[in-house]
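The values are calculated or read from the model by the stated rules, or taken from the named source; none is laboratory data. Please read all numbers here as calculations on a predicted model, not as lab measurements. Virtual Cβ from ideal backbone geometry, glycine too; neighbours counted across all protein chains shown. All accessible areas refer to the heavy atoms of the entire protein, side chains included, with ligands and DNA or RNA removed. Shrake-Rupley method; radii C 1.70, N 1.55, O 1.52, S 1.80 Å.
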Amino acid sequence: EAKTAGRNAVRFFDPAMQAILVVRMMLESNLRIALANRQFMLYYQVQVNSDGKLIGAEALLRWQHPDRGFISPAEFIPLAEETGLIIPIGLWVLETACAQIKQWEEQPETRNLTLAVNVSAKQFQQSDFVESLSEIVGRHQIDPTRLKIELTESTILDNVDATTEKMHQLKKLGIAFSMDDFGTGYSSLAYLQRLPLNQLKIDQSFVRDLNHDENDATIVRAIISLGVNLGLNVIAEGVETSAQRAFLIEHNCYAFQGYFFSKPLPLEGFMALLKSDRAAHAADPADDNQTIP
Ligand code: C2E
Ligand code: MG
Ligand code: MG
Ligand code: MG
């Protein structure tokens, strides 16, 4: 009898499972503390065109934990989504991004920057997401066309009618949309055609072995022609080598993001890069005198 109870106890109080739950609970309460104690920050990664000119940036969330150092979003975003903490965290990201756009609008070398912000499914699917974002954009008095929202295929396909409607409303304000990690989901051509997208972002998993893996090369070429045929701008993420960049240019993709150009940087580093690297000056038709010789 005691043995049976013991077995049951083992089933319910599996120490390994319990350890996982404790770690999760700690992480969850740490996430709440992080928000209250301002432990989040945004890093910025440049996006460049084929002339090497800066065309925009992506905001990437970082959690600076007092003991554990930097914790990757890949580690805490999934838990933030499960617990609903992604809502206040995501609002903080949008607030911070819009405040940054406002600052950039006031300086000639950054006034044409577009800032891409990742929005998770749960956040985008909030019934008041459009109102919240319009309020933030309005309060910061930014040009809404400087803001680009990155959504993944699964976010859109989860609830395609509601999502498409929200995208249309935000697009009316001037906000742009990029489909992040494109190629990893299940978008059909029918959906792609009716979504108010501006950009397809080729997932880095296809870019990685582009020059060595014929399948990846084929997928990338297909994504680029799909984008071009739908009238969308196409950007590649995870570009790490000049050979990848050359392949992309050869196949009509002229926008890039990746370590070959720069890692994501904290604001000061990003601004220093802009100032030091002449090749990173914003492409602005009004600033032709800044063109690299
Ligand atoms: P993502 O939006 O696809 O972002 C690109 C990821 O690739 C970033 O990882 C970036 O640091 C990394 N990366 C950039 N260039 C290269 C490269 O050349 N090689 C390689 N190997 N990696 C590169 P990160 O910053 O760790 O972010 C991971 C993911 O977390 C993001 O993927 C995005 O899905 C999510 N995320 C980041 N910030 C936010 C946020 O503010 N809100 C939400 N909801 N999700 C976020
Ligand atoms: Mg992204
Ligand atoms: Mg991506
Ligand atoms: Mg990705």
message = If you take every DSSP beta bridge fully contained in the chain, what fraction is antiparallel? Give it as a percent rounded to 5.
response = 40 percent
key: Residue-normalised accessible area of the chain, expressed per residue, 1.4 Å probe, Å²   = 51 Å²
query = With θ set to phi - 60° and the Karplus curve 6.51 cos²θ - 1.76 cosθ + 1.60, what are the ³J(HN,Hα) couplings of region 239-244 in order, to the nearest whole Hz, using x for Gly and Pro?
reply = 6, 10, 9, 5, 5, 5
note = Cα-Cα longer than 19 Å, checked against 201/275; 122/166; 102/201; 122/201; 148/201; 201/263, kept in input order, equals 201/275; 102/201; 122/201
inquiry  = Output wanted: per-residue J couplings in Hz (rounded whole) for region 73-85, from phi through Karplus 6.51 cos²θ - 1.76 cosθ + 1.60, θ = phi - 60°, x for Gly and Pro.
reply    = x, 4, 7, 10, 4, x, 5, 4, 5, 4, 8, x, 5
query = If ligands, DNA and RNA are left out, what is the accessible area of residue 53 with a 1.4 Å probe, given in Å² to the nearest 10?
reply = 40 Å²
Area accessible to solvent at residue 104, 1.4 Å probe radius, in Å² = 0 Å²
request  = Measure nothing fancy, just the Cα-based angle from helix 214-229's long axis to the longest principal axis of the chain, in degrees from 0 to 90, nearest 10.
outcome  = 60 degrees
Dipole magnitude of region 74-203, debye to nearest 20 (Cβ charges: Lys/Arg +1, Asp/Glu -1, about Cα centre) = 440 debye
key: Overall form of region 101-229 per C-alpha gyration tensor (a/c, 1.5; a/b vs b/c)   = oblate
request  = Rank-order 131-142, 40-51 by packing density, defined as the average count of other C-beta atoms within 10 Å over each peptide's residues, highest first.
outcome  = 40-51, 131-142
remark   = If every Lys and Arg gets +1 and every Asp and Glu gets -1 at its Cβ, then about the Cα centre region 135-204 yields a dipole, in debye to the nearest 20, of 340 debye
ask   = How far is the Cα center of region 164-208 from the Cα center of region 90-104, in Å?
value = 22 Å
message = If I compute solvent accessible area with a 1.4 Å probe over the protein chains, what percent of it on the chain is carbon and sulfur?
response = 54 percent
Globularity ratio of the chain, using Cα Rg and 2.2 N^0.38 Å = 1.12
ask   = Taking a quarter of the surface of the convex hull around the Cα atoms of region 5-122, what do you get in nm²?
value = 10.3 nm²
remark   = Summing -39500 (n - 2.57) over every DSSP H run of at least 4 residues in the chain and dividing by its residue count gives a helix-only mean residue ellipticity at 222 nm, to the nearest 500 deg cm²/dmol, of -15000 deg cm²/dmol
